[in-house]
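Contents: one structure, followed by commentary.
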Amino acid sequence: MALIRIVGFSFLLFIISCSDTSDVNAEKNKIHSIDDVNLYTMNNEPIDMQQYKGKTVFINFWATWCKPCIREMPSIQNAMEILKDKEIVFLFATNDELQLVKAFQEENSFDFNYVLVKNQEELNIDALPTTHIYASDGTLSFSETGFRKWDNQKSINQVLKIYGSNDN
């Protein structure tokens, strides 16, 4: 009988945890604009987020110690290549120490625009990897936590849907 309860409880937890988190949930995640993201260059200089006005911005929040983050990077590199003709900015934001990020950058051959995020907690990013995609008007259009294959058709279509909304 105890085994049946454990299996039932485990199944219930599984069902609850399998909800779709790909759309922005206004109650869970305080919806914010790209102007609320506090990014710095690898030279520790502030980035003016206004420079991205009119463009779709894909920000992947990651860490050097995060295995799922690193595991999804090749698919993001491929997605960048697939979408290279679109005005989509890809940024890779971390709150790791600058020295760790520079060492990671030297050890890996990804062609990424690495940036430092200074307000990750304020953005309600409580797990990594997390990806935010901002529409051209600067509003957060997509937020997802967890590993994703960004170079498959479903993911490319998700990015293109937001990119396409720029025409409106």
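Where a number appears in this text, it was derived from the coordinates with a stated rule and is not lab data. These numbers come from a predicted model, not from an experiment. Methodologically, a virtual Cβ is constructed for each residue, glycine included, from the backbone with ideal geometry; neighbour enumeration extends over all protein chains shown.
Working from label points 7 Å from Cα in the Cα-to-Cβ sense, the Asp85 to Lys161 distance is 2.3 nm. A DSSP coil position with no more than 10 other Cβ atoms inside 10 Å describes the following GluC sites (Glu not before Pro) in the stretch 69-165: Glu121.
List Asp126, Asp36, Asp151 from most exposed to least, where exposure is judged by having the fewest other Cβ atoms within 10 Å.
Numbers: Asp126 10, Asp36 14, Asp151 18.
Taking fewest neighbouring Cβ atoms as first place, the list is Asp126, Asp36, Asp151.
Looking at the square roots a ≥ b ≥ c of the eigenvalues of the Cα gyration tensor of the stretch 21-167, which shape do they give, rounded for a/c under 1.5, prolate if a/b is larger than b/c, or oblate? It comes out rounded by the Cα gyration axes.
Sequentially through the stretch 83-100, phi angles give Karplus couplings (6.51, -1.76, 1.60; θ = phi - 60°) of 9, 4, 8, 9, 7, 10, 9, 10, 10, 10, 9, 9, 10, 5, 4, 3, 4, 5 Hz, Gly and Pro residues having no value and appearing as x.
Averaging Cα coordinates gives a centre for the stretch 115-131 and one for the stretch 68-87; these two points are 19 Å apart.
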